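Trainee: Have a look at the structure that comes next, please.
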Amino acid sequence: MPDSTRKAALQALETAGVEYVYTDDLCGLCAEPNAELLTLLNRQKIMVLACFPRAVRALLERAGLTDNPLIETVNLRTTAVDTLVKDLHFDGTRPGRRITLQQKNTTWQPWYPLIDIQRCQHCKQCLNFCLFGVYALDAHQHVRVSQPTHCKTGCPACARVCPCAAIIFPKYADGPINGDAVDEEAWKKTAPPEHLQQRLGSNVMKMLRNRTAHTAAESLEHLKDQLNIPDSVIENLKKEHPR
Ligand code: SF4
Ligand code: SF4
């Protein structure tokens with residue numbers, strides 16, 4: 001969200017007469033189960049001012065929230081703050097009470113996939129595709145994000161590979177990968193891997209499984225346009241894994 005929106009929302013909360021929790025980065029805060037956050041979320045009606053509801057739900061699930069029907073999400077990526085303040089009838093005259101919670105790993109710039117469990121069909125394509133051990137299987141043989149810090153910042157590649165549009169990167173620019181609603185028809189038209197296999201004339205998953213990290217970077221280079229992989233990610237991969 002734009003910095004101006006964040007500042008305006010905070011300014012409104014400072015005089016809203018309500019208790020609120022602030023964090024610099026919800027992705028960072030929710031990267032691991034977070035008991036402190038859960039205690040706050042479970043105790044009353046909650047409104048989350050952040051991004052797309054699908055992304056917020058997946059983030060809070062990752063933090064350990066199983067269900068809280070009283071959570072309402074306001075998307076600051078699409079809602080103007082003055083509209084928000086008007087609609088919420090913030091007091092505007094009394095100080096808010098701020099509780100600040102921050103991510104534990106302060107050196108990490110959070111970027112990792114979230115799985116929308118309502119859409120995931122457990123095909124495991126993301127697990128097979130990812131080179132960096134971000135995904136693993138749980139006891140039910142369902143894919144889970146096990147090592148979020150291993151993900152490559154700025155890369156949404158596995159989200160482009162998922163046939164179900166079930167993978168969310170909340171900081172990605174475009175929907176549905178950013179958590180925006182899924183346009184099923186549009187997704188079907190662009191959905192890999194059929195599209196990629198057609199383009200490459202080979203089994204891309206097999207190719208990607210049989211690679212070294214450097215050749216994987218080269219493989220991904222061929223796929224970067226289809227998977228929206230930034231040049232910087234490919235370059236970093238090659239540097240990190242020289243021949
Ligand atoms: S590729 Fe998508 S549908 Fe398949 S397991 Fe991964 S998240 Fe689920
Ligand atoms: S974006 Fe790349 S590194 Fe991150 S989880 Fe997906 S495939 Fe793995």
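The values are calculated or read from the model by the stated rules, or taken from the named source; none is laboratory data. Here the structure is a predicted model, which means the values were calculated and not measured. Counting neighbours? That spans all protein chains shown, and the Cβs are built from the backbone with ideal geometry, glycine included. Side chains included, ligands, DNA and RNA excluded: accessible areas come from the protein's heavy atoms. Shrake-Rupley method; radii C 1.70, N 1.55, O 1.52, S 1.80 Å.
Trainee: Among Leu101, Leu84, Leu59, which is the only one that is of a type in the set (A, V, I, L, M, F, W, C), under 30 Å from Ile167 (Cβ atoms) and under 15 Å from the mean Cα position of the chain (by Cα)?
Mentor: It is Leu59.
Trainee: When you go through (1) away from ligand 1 (no atom under 12 Å from the Cβ); (2) in a helix (DSSP H, G or I) one by one for Ala139, which number turns out not to apply?
Mentor: Tallying (1) away from ligand 1 (no atom under 12 Å from the Cβ); (2) in a helix (DSSP H, G or I), Ala139 fails exactly one: (2).
Results for (1) without any contact (Cβ under 8 Å) to a residue 12 or more places away in the chain; (2) outside the structural domain of Ala217 (by TED's automatic domain parsing); (3) surrounded by fewer than 15 Cβ atoms within 10 Å (Cβ to Cβ), shown as yes or no for each residue.
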position: Thr106; (1), (2), (3): yes, yes, yes
position: Pro148; (1), (2), (3): no, no, no
position: Gly154; (1), (2), (3): no, no, no
position: Val161; (1), (2), (3): no, no, no
position: Ile168; (1), (2), (3): no, no, no
position: Ala173; (1), (2), (3): yes, no, yes
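Trainee: May I ask you to verify whether Tyr135 is of a type in the set (Ser, Thr, Tyr) and under 20 Å from Ile234 (Cβ atoms)?
Mentor: Here the answer is no, as Tyr135 does not meet what is asked.
Trainee: Something else: Looking at Met1 and the list (1) at pLDDT 85 or above; (2) in a loop (DSSP other than H, G, I, E, B), which single condition is not satisfied?
Mentor: The failed condition is (1).
Trainee: Looking only at segment 144-167, which residues are part of a loop (DSSP other than H, G, I, E, B) and either under 13 Å from Cys123 (Cα atoms) or in contact with a strand residue (DSSP E or B) (Cβ under 9 Å, 6 or more places away or on another chain) (or both)?
Mentor: Ser146, Gln147, Cys151, Pro156, Cys162, Pro163, Cys164, Ala165, Ala166
Table: residues versus (1) modelled with pLDDT of 75 or more; (2) in a helix (DSSP H, G or I); (3) open to solvent by less than 70 Å² (accessible area, probe 1.4 Å); (4) more than 20 Å from Thr153 (Cβ to Cβ).
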| site | (1), (2), (3), (4) |
| --- | --- |
| Lys189 | yes, yes, no, yes |
| Pro192 | no, no, yes, yes |
| Lys206 | no, yes, no, yes |
| Arg211 | no, no, yes, yes |
| His214 | no, yes, yes, no |
| Ala217 | no, yes, yes, no |
| Ser232 | yes, yes, yes, no |
| Glu235 | yes, yes, no, no |
| Lys239 | yes, yes, no, no |
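Trainee: Checking Leu137 against (1) over 23 Å from Ser219 (Cα atoms); (2) surrounded by 15 or more Cβ atoms within 10 Å (Cβ to Cβ), which test does it fail?
Mentor: (2)
Trainee: Looking at segment 108-126 only, could you name the residues that are aliphatic (A, V, I, L, M) and open to solvent by less than 30 Å² (accessible area, probe 1.4 Å)?
Mentor: Leu114, Ile115
Trainee: Okay, next question. Looking only at segment 58-104, which residues are part of a helix (DSSP H, G or I), at pLDDT 90 or above and open to solvent by less than 40 Å² (accessible area, probe 1.4 Å)?
Mentor: Those that are part of a helix (DSSP H, G or I), at pLDDT 90 or above and open to solvent by less than 40 Å² (accessible area, probe 1.4 Å): Ala58, Leu59, Leu60, Ala63.
Trainee: Across segment 123-159, what is the total count of residues that are touching a Ser or Thr at 6+ places or on another chain (Cβ under 8 Å) and either at pLDDT below 90 or under 19 Å from Asn228 (Cα atoms) (or both)?
Mentor: 2
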